[in-house]
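As structure tokens, the structure follows; a few thoughts come after it.
The values are calculated or read from the model by the stated rules, or taken from the named source; none is laboratory data. Not measured: the values here are computed from a predicted model. Cβ sites come from the backbone with ideal geometry, for glycine too, and all protein chains shown count toward neighbours.
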Protein chains: 2
Amino acid sequence: MKVVIVGSGNVATVLSSLIEKAGHEIVQVVSRNKDHAVHVASRYNADAALLNAVEFARADIYIIVLNDAALESIEKITALKDKFVVHTAGSVSKDVFKNISSTYGVLYPLQTLSKLTEQIPEIPFLVEGNNKETLHQVIGFARTLSDKVIPVSEAERLHYHIAAVFAGNFTNHMYALAENFCEKEKIDFKNLLPLINEVTLKVNNNSPHDVQTGPAMREDIFTINRHLQALSSHPDIKYLYLKLSESILKFHEKH
Amino acid sequence: MKVVIVGSGNVATVLSSLIEKAGHEIVQVVSRNKDHAVHVASRYNADAALLNAVEFARADIYIIVLNDAALESIEKITALKDKFVVHTAGSVSKDVFKNISSTYGVLYPLQTLSKLTEQIPEIPFLVEGNNKETLHQVIGFARTLSDKVIPVSEAERLHYHIAAVFAGNFTNHMYALAENFCEKEKIDFKNLLPLINEVTLKVNNNSPHDVQTGPAMREDIFTINRHLQALSSHPDIKYLYLKLSESILKFHEKH
């Protein structure tokens, strides 16, 4: 299929690459920043265009990879009128398109996509369409990109997005805090990689509830107090250490 | 070497298995709970003994895998007198042994060890000895168990332990919260596994600081507010969502 990509950030960059690999033709990359558009488009021999000045190229599908605030005013881009248009956001209604087109939906990649991605990972796509026929069109396109295509309601997509923030963004933040702490204390964060990999391996085969370990899980107040004492010169993470330990204690009392 | 294991919890169970695989002979398993001791000992054809009633078997090394509170009163176990004795805790001084023996140290596995471990993972051992000679003895023993043996000071071990709580226990708790949320909202936690695996893969090759994604990182207040609204019937994780998003915002402003 001929594809127009609107957006040039992390997600647009990774999706463009996946779309090309699937055998589609990226005919145009549109961005609010001309340099970014040119940069992404050049890889695909595609046309580059500025969002505000755009004459859209003819294509079979228009994939809008803009942030949520920009998506909210997408209906002002009248040049999208009556196109087959999808967005890729986790928490925005597909109905942002309802005054533009009669063929619209959502193609949400449930994955963390940064420019530093070494290889394109497995991406489950959560998909929606404004009616049965459009849904089938979105599913058909998504299946060219991934073996894992999951039709969802808007509420389900929102809930997956929230769960993904906990399972992906917040965990990565824990690693970032640990790394920063290691740097400050002059120990080597890399020595924690076997532990990090084991936690992840376990969660692939077990309920994370069942494999929780650590001082809070053991209600080991001795160790928690020692850690809090040692964190007195790191007030930001001391505060989180306390809040997260409380959360573990409470969670395992209840469940 | 002939080994006595004092303890029969998760860590004792996994370490015993590793020690046997390395070719050592477990001659005795000692526990505060006789059934547990018998259960672990039976796998190694070892003697089982109750901690309070113990006549220790003759062995080359005595590995104390008790919780921190029990370690604090280890010197009361006079039968350990003058043995080569190590403990496996992250945050307890090796000097809990100083009134018992002149040959003591620490053998701390920087890993999450639960009974549900499918296969024994790579375990970095952080080691200490009360003097140079003992340190070499501990290193020698640890090297039979792992390729990754790291001599540390007590302060370094404590700092690794704290970093491990963030990188291992708190991340697993994020997964547990996500799983619980998915169950309540009737969506499938398993669909998050590709995301979870990708975050971990990335942190093996990049600084987690550099690969942070998500609404807080993008300062995407639109999405954060939508999530907080959707979490109004989940007050516990709503609170953490807010605190952790604030932490990401603050961390990436500073760094």
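Some notes on this structure:
- Filtered by the rule that a residue be part of a loop (DSSP other than H, G, I, E, B) and hydroxyl-bearing (Ser, Thr, Tyr), the stretch B:110-137 gives B:Thr112, B:Ser114, B:Thr117.
- Being touching a Phe, Trp or Tyr at 6+ places or on another chain (Cβ under 8 Å), closer than 14 Å to A:Ile63 by Cβ, within 14 Å of another protein chain (Cβ to nearest Cβ) and among the polar types (S, T, N, Q) is a property that does not hold for A:Thr103.
- Counted residues, the stretch B:50-69 - those being crowded, with 20+ Cβ neighbours inside 10 Å and farther than 16 Å from B:Leu15 by Cβ: 1
- Residues (in contact (Cβ under 8 Å) with a residue 40 or more places away in the chain and under 18 Å from B:Leu177 (Cβ atoms)) located in the stretch A:182-214: A:His209, A:Gln212
- One residue stands out in the stretch A:211-223 among those that are buried (at least 21 other Cβ atoms within 10 Å of the Cβ) and among the hydrophobic types (A, V, I, L, M, F, W, C): the one that is farthest from the other protein chains (Cβ to nearest Cβ), namely A:Ala216.
- Options A:Pro208, A:Pro194: the member that is part of a helix (DSSP H, G or I), at the interface with chain B (Cβ under 8 Å from one of its Cβ atoms), at pLDDT 95 or above and in contact with an Asp or Glu (Cβ under 7 Å, 6 or more places away or on another chain): A:Pro194
- Within the stretch A:98-118, tally of residues that are among the hydrophobic types (A, V, I, L, M, F, W, C) and farther than 14 Å from A:Ile64 by Cα: 3
- Options A:Leu240, A:Leu228; residue that is at negative phi, more than 7 Å from chain B (Cβ to nearest Cβ) and assigned to a helix (DSSP H, G or I): A:Leu228
- Selected residue (criterion: farthest from the chain's Cα centre (by Cα)) from residues of the stretch B:130-153 that are more than 10 Å from chain A (Cβ to nearest Cβ) and β-branched (Val, Ile, Thr): B:Thr134
- Flag for A:His252 being touching a residue at least 40 places away in the same chain (Cβ under 8 Å), within 7 Å of another protein chain (Cβ to nearest Cβ) and either in contact with a Cys (Cβ under 6 Å, 6 or more places away or on another chain) or more than 27 Å from A:Ser114 (Cβ to Cβ) (or both): no
- Taking each residue of the stretch B:1-22 that is crowded, with 18+ Cβ neighbours inside 10 Å and looking for partners that are of a type in the set (Asp, Glu) with beta-carbon atoms closer than 8 Å, six or more apart or interchain, yields B:Val3/B:Glu25; B:Val3/B:Asp60.
- Selection within the stretch A:1-45 - hydrophobic (A, V, I, L, M, F, W, C) and over 22 Å from A:Ser114 (Cβ atoms): A:Met1, A:Val4, A:Val27
- Some residue of the stretch A:80-88 being touching a residue at least 12 places away in the same chain (Cβ under 8 Å), within 14 Å of another protein chain (Cβ to nearest Cβ) and part of a loop (DSSP other than H, G, I, E, B): yes
- Out of A:Met174, A:Met217, one residue alone is free of Cβ contacts under 8 Å to residues at least 60 places away in the same chain, out of contact with any strand residue (DSSP E or B) (no Cβ under 8 Å at 6 or more places or on another chain), outside any helix (DSSP H, G or I) and not assigned by TED's automatic domain parsing to the domain that holds A:Ser93. It is A:Met217.
Listed here are the residues, each with its yes/no results for (1) under 21 Å from the mean Cα position of the chain (by Cα); (2) not hydrophobic (A, V, I, L, M, F, W, C).
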residue: B:Val30; (1), (2): yes, no
residue: B:Asp35; (1), (2): no, yes
residue: B:Ser42; (1), (2): no, yes
residue: B:Leu51; (1), (2): no, no
residue: B:Phe56; (1), (2): no, no
residue: B:Leu66; (1), (2): yes, no
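- Test: residue in the stretch B:154-167 that is surrounded by fewer than 24 Cβ atoms within 10 Å (Cβ to Cβ), farther than 18 Å from B:Ser16 by Cα and more than 10 Å from every other protein chain (Cβ to nearest Cβ): yes
- Residues satisfying the stated conditions in the stretch B:58-102, i.e. aliphatic (A, V, I, L, M), more than 18 Å from A:Ile224 (Cβ to Cβ) and touching a Gly at 6+ places or on another chain (Cβ under 7 Å): B:Ile64, B:Val65, B:Val86
- Checking each residue in the stretch A:11-60 for being over 19 Å from A:Lys76 (Cβ atoms), hydrophobic (A, V, I, L, M, F, W, C) and part of a helix (DSSP H, G or I) picks out A:Val11, A:Ala12, A:Val14, A:Leu15, A:Leu18, A:Ile19, A:Val38, A:Val40, A:Ala41.
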